[in-house]
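Novice: Take this structure, written in structure tokens, and hold onto it; I'll ask about it next.
The values are calculated or read from the model by the stated rules, or taken from the named source; none is laboratory data. Just so we're clear, the structure is a prediction, and the values are computed from it rather than from any experiment. FYI the Cβ positions are ideal-geometry reconstructions off the backbone, even for glycines, and counts take in every protein chain you see. Heavy atoms of the whole protein, side chains included, go into the accessibility calculation; ligands, DNA and RNA do not. Shrake-Rupley method; radii C 1.70, N 1.55, O 1.52, S 1.80 Å.
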Amino acid sequence: GEAEAAGGDGDRAMLRHLARKLRASGPVTVAEYMREALTNPGQGYYTRRGGVGESGDFITSPEISQVFGELIGIWYISEWMAMGKPNTFQLVELGPGRGTLTEDILRVFKQLASVLSKCDISVHLVEVSPKLSEIQAVMLTGGKVQPNPEDESAYMKGISKTGIPIFWYRDIQDVPPGYSFYLAHEFFDALPIHKFQRTEKGWREVLVDIDPEVPDQLRFVLSPSRTPASQNFIQPEETRDHVEVCPEAGVIVQRLASRIEKDGGAALVADYGHDGTKTDTFRGFRNHKLHDVLSAPGTADLTADVDFSYLRKMAQGKTATLGPIKQREFLKNMGIDLRLQVLLQNSGDTATREQLLHSYDMLMNPENMGDCFHFFALLPRHRLVHPDKKDKPESKSPLPPVAGFNELLLK
Ligand code: SAH
């Protein structure tokens with residue numbers, strides 16, 4: 001069957017585990033299913049397979065082109081300058097995958113060392129997957145890391161090839177406080193969502209259950225009555241018939257907003273998503289192909305579009321927010337065209353030039369990633385409006401614009 005096609009016995013362990021659980025205690029929420037399938041410590045998809053990259057199940061922008069990470073590195077330097085060049089900052093990445101994005105950013109920091117001179121930088125990676133943290137350690141430090149360092153909240157630490165200290169954590173709450181630039185690329189879409197369906201009897205939550213007719217086959221059912229989640233997460237003015245909510249994303253954005261409000265910095269979130277308009281976006285990927293979300297759990301990446309309107313709401317006015325803005329607009333504003341020209345001029349052979357043009361097309365073409373991926377930022381409120389603007393607007397020098405976001409949408 002489906003599970004057989006998934007491969008070895010390890011691939012069926014998750015299904016067996018879930019089937020046992022469902023038989024014993026009944027259906028679970030989609031969020032619980034997704035959490036088990038992705039990050040179960042023994043059998044979860046990220047824990048066991050990792051998934052990111054050409055040989056994995058899905059490919060991400062930093063894996064397509066180094067230019068992507070370089071432009072993001074420039075975004076942080078630009079914000080660091082606009083905020084008055086603080087003499088220390090932490091770069092905090094959530095869900096760093098293979099570590100490629102941080103690697104590209106650190107290369108830019110090194111190239112612009114004269115600009116960043118005397119600034120004390122450290123890197124803090126939030127990663128639950130032991131397998132991916134190992135890959136990140138090899139990529140960023142050459143594998144020279146210290147597990148379980150004493151007197152630190154990190155589970156691992158090392159030093160980047162460019163001499164910057166790097167720490168690993170399982171949870172954002174373990175990252176020490178301090179002036180920080182946060183990054184979340186294709187992170188929020190991997191967090192568990194709840195799904196709700198409007199019915200004649202009111203809102204019902206979509207649950208995952210075992211099919212009584214077919215052994216070890218999963219199916220969706222609707223909750224017989226309202227669930228706590230449907231009571232808490234559906235707004236009375238909701239007009240859609242099907243809604244997905246990711247409370248864990250909300251909690252993390254609240255934490256980011258509180259930390260930025262208190263200690264300063266900024267957060268850049270990039271992901272595919274919508275502004276509170278889409279309905280059913282839950283899907284699976286395996287070997288770069290769409291994959292039935294209920295078949296062979298643990299062997300495929302499960303994901304849902306990020307609802308940026310929800311993230312904005314969860315910032316609760318503690319920070320200003322910018323975006324979401326389409327990836328192709330953000331990268332254009334960041335100067336991707338000029339960067340491409342320079343790289344084309346510097347590359348002698350046709351194969352490299354073709355590769356550069358192909359990766360540019362992947363990132364920028366609306367048919368590829370240009371339109372469906374978005375950038376969204378959290379910034380200290382004073383970064384966008386002078387605190388006492390209302391009183392004496394004319395006496396203030398204009399604030400430097402935020403790179404990448406040409407429309408300044410202050411919400
Ligand atoms: N940012 C990378 C990887 C995206 S895949 C890229 O763009 O290539 C999602 C990443 O988030 C993986 O590193 C995965 O292990 C991590 N992840 C998933 N759920 C997580 C959680 N709850 N806490 C921390 N990291 C998580």
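Novice: Starting from residues that are among the aromatic types (Phe, Trp, Tyr) and part of a strand (DSSP E or B), keep the ones in segment 155-180 and report whichever is nearest to the ligand (Cβ to nearest atom).
Specialist: Of everything passing the filter in segment 155-180, Tyr169 is nearest to the ligand (Cβ to nearest atom).
Novice: Of all strands (runs of 3 or more DSSP E) completely enclosed by segment 283-354, which ones contain at least 2 residues that are under 20 Å from the mean Cα position of the chain (by Cα), modelled with pLDDT of 95 or more and aromatic (Phe, Trp, Tyr)?
Specialist: none
Novice: Sticking with this one: In segment 362-382, which residues are over 15 Å from Lys326 (Cβ atoms) and surrounded by fewer than 20 Cβ atoms within 10 Å (Cβ to Cβ)?
Specialist: Residues satisfying the conditions are Pro380, Arg381, His382.
Novice: Kindly indicate whether Leu183 is in the same structural domain as Ala257 (by the TED database) and part of a strand (DSSP E or B).
Specialist: So Leu183 fits the description; yes.
Novice: Further question: Can you go through Glu152, Glu186, Glu205, Glu200 and tell me which one is more than 16 Å from the ligand (Cβ to nearest atom), acidic (Asp, Glu) and surrounded by 19 or more Cβ atoms within 10 Å (Cβ to Cβ)?
Specialist: From the options Glu152, Glu186, Glu205, Glu200, the qualifying one is Glu205.
Novice: Let me ask something else. Pairs, please: C-beta under 6 Å, at least 6 apart or cross-chain, first residue open to solvent by less than 50 Å² (accessible area, probe 1.4 Å) and among the charged types (D, E, K, R) and in segment 170-183, second outside any helix (DSSP H, G or I) and away from the ligand (no atom under 11 Å from the Cβ)?
Specialist: Hits for this filter: zero, empty list.
Novice: Sticking with this one: So His194 passes all but one of these: (1) more than 17 Å from Pro96 (Cβ to Cβ); (2) within 16 Å of the ligand (Cβ to nearest atom); (3) out of contact with any Cys (no Cβ under 8 Å at 6 or more places or on another chain). Which condition number does it fail?
Specialist: (3)
Novice: Moving to a separate point now. Determine which member of the set Val52, Val92, Val115 is open to solvent by less than 10 Å² (accessible area, probe 1.4 Å) and among the β-branched types (Val, Ile, Thr).
Specialist: After ruling out the rest, the residue left standing is Val92.
Novice: Here is a follow-up. Please go through (1) under 19 Å from the mean Cα position of the chain (by Cα); (2) farther than 30 Å from Lys332 by Cβ; (3) open to solvent by 10 Å² or more (accessible area, probe 1.4 Å) for Arg12 and return the number of the only condition it doesn't satisfy.
Specialist: (1)
Novice: Could you run through segment 272-285 and say how many residues are touching a residue at least 60 places away in the same chain (Cβ under 8 Å) and either of a type in the set (Ser, Thr, Tyr) or open to solvent by 40 Å² or more (accessible area, probe 1.4 Å) (or both)?
Specialist: Of the residues in segment 272-285, 3 are touching a residue at least 60 places away in the same chain (Cβ under 8 Å) and either of a type in the set (Ser, Thr, Tyr) or open to solvent by 40 Å² or more (accessible area, probe 1.4 Å) (or both).
Novice: Under 7 Å between Cβ atoms, at least 6 apart or on separate chains: pull out the pairs that start in segment 41-56 with a residue that is over 17 Å from Thr303 (Cα atoms) and end on any residue that is near the ligand (Cβ under 9 Å from one of its atoms) and of a type in the set (Asp, Glu).
Specialist: Glu54/Glu63
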